[in-house]
1. Looking only at residues that are at the interface with chain B (Cβ under 7 Å from one of its Cβ atoms) and modelled with pLDDT under 75 in the stretch A:1-22, which one is nearest to B:ILE92 (Cα to Cα)?
2. Could you look through the stretch A:104-123, keep only residues that are over 20 Å from A:THR72 (Cα atoms) and in contact (Cβ under 8 Å) with a residue 24 or more places away in the chain, and pick out the one that is nearest to the chain's Cα centre (by Cα)?
3. Residue by residue through the stretch B:54-89, note down the ones that are surrounded by fewer than 14 Cβ atoms within 10 Å (Cβ to Cβ) and in contact (Cβ under 8 Å) with a residue 12 or more places away in the chain.
4. Here are some residues: A:GLY149, A:GLY171. Which one is within 13 Å of A:LEU128 (Cβ to Cβ) and within 12 Å of the chain's Cα centre (by Cα)?
5. Can you tell me which residue among A:ILE117, A:ILE106, A:ILE138 is more than 26 Å from A:MET161 (Cα to Cα) and either of a type in the set (Val, Ile, Thr) or crowded, with 17+ Cβ neighbours inside 10 Å (or both)?
6. Looking at the structure I just gave you, is A:ILE67 over 30 Å from B:GLY16 (Cα atoms), surrounded by 11 or more Cβ atoms within 10 Å (Cβ to Cβ) and modelled with pLDDT of 90 or more?
Amino acid sequence: MKDENKDLSAEQSLALISGMIRQAQGNVSYSTKYILLWGWCIALANLGMYGLMKFSTYPHPYVVWLITIPATIVSIIYGIKEGKEKITHSHLDKITMWLWLSLFFIIPPVITFGYKINFQINPVILLLTAFPTFITGIILRFKPLLVGGICFWACSIICFMVDAQTQMLLGALAVITGYLIPGYLLKRIKV
Amino acid sequence: MFKELDPLLHSQLRLGVMSLLISMEAAEFTFLKEKTNSTAGNLSVQLDKLSEAGYITIEKSFKGKKPLTTCKITRKGIKAFEEYVNNLKDYIKK
């Protein structure tokens, strides 16, 4: 691109502006490591809780969810490291980041006040997760994540109608179809 | 009566840079160079002009041992860009 202005007409200027804005908007970055980390973490927690409920008499099967604590710590460390390394940010990068961060703030009250909603915690969380998954799919223009968002939504609806044990299996299914499959497909494209 | 287009923005490379920065939180020099398909020398001169006018801020730092130049659009830059686009629209309507 040269720095000449004598031939730049109004139409050319507008075309240049829209072309550059499109380029900047297309520069959305994504990190599959968060999708895969949380995909595995939540799938294992769901299956672990299902296993404990079904095959043992252990009175506190929900302890398996404690694995989300190290996953959170690892995510924070990754996030800080990436924030330092990555300088070029688009507005869509920021929107995607806050979309997922907001989920971290929304989920704890749902768990804390789960007793007020008849312990329908799993379906509510699946429903809440459908939203950022779907929107991230739109931002990245990546269909498997759009389908993933729909899977979360569909599993959430079924979850409302089944018992607590089956909810765990549905939770694992939702995470496998909503996070893990799109995550690995995205990773393959990236490589 | 049409307003004159801001001569600082009515240049291919500077307009390209401003159009990229309006959509970004911040951008590295290498990113701007790649997207505008310009040479480092030319880009550097044009970035200095935009910075002197207060349209962008340029921050120089280090990423490990490599020098890093980061550019951000300022409020003044956003206002000038919006005004430029509005004036362009007037020209096109004419």
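The values are calculated or read from the model by the stated rules, or taken from the named source; none is laboratory data. These numbers come from a predicted model, not from an experiment. Here Cβ is always computed from backbone atoms with ideal geometry, including for glycine, and neighbour counts include all displayed protein chains.
1. A:ASN5
2. Here the residue is A:PRO123.
3. Result: B:GLY54, B:GLU59, B:LYS76.
4. A:GLY149
5. Being more than 26 Å from A:MET161 (Cα to Cα) and either of a type in the set (Val, Ile, Thr) or crowded, with 17+ Cβ neighbours inside 10 Å (or both) holds for just one of A:ILE117, A:ILE106, A:ILE138, which is A:ILE138.
6. yes
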